[in-house]
Amino acid sequence: MNRPPTIETDEVICQCFQVNESTIRKAIEKGELNNVDSVTEACEAGGGCHSCHILIQLFIDQYQEKQSANAESDNSQKTGKKGILGRLFGKFKSAETST
């Protein structure tokens, strides 16, 4: 039996201006927006009755958490290799333990 392809729905978040979730998320990512007012300026979402502000703020928070996680993983990769001071102090530690 053939099943119909799965349809992903892009839910309308801002009912007043009929702005869907993907449009809001793209605006946040593209403009690196960090507050509801800036999202409203970018795509009109949240400019009407304001009932969608809590969801828009949630999307902003999720984006910022993702950016923080990416920054932390970038920093951990950068510090994975010992620098010159780490190697120097490592030599001193090994000399102390061998005496």
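All of the numbers you see were taken from the coordinates with simple rules; none came from a lab. Predicted model, so just to flag it, every value in this text is computed and none were measured.
Summary of computed values
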read-out: Phi to ³J(HN,Hα) by Karplus 6.51 cos²θ - 1.76 cosθ + 1.60 over the stretch 49-66, Hz, x for Gly, Pro; value: 7, 6, 6, 8, 4, 5, 6, 4, 5, 4, 5, 5, 4, 4, 5, 5, 5, 5
read-out: Net length gained if the chain between residue 18 and residue 66 were fully extended (0.36 nm per residue, minus Cα distance); value: 14.7 nm
read-out: Anisotropy class of the stretch 10-68 from Cα gyration tensor, a/c 1.5 cut; value: prolate
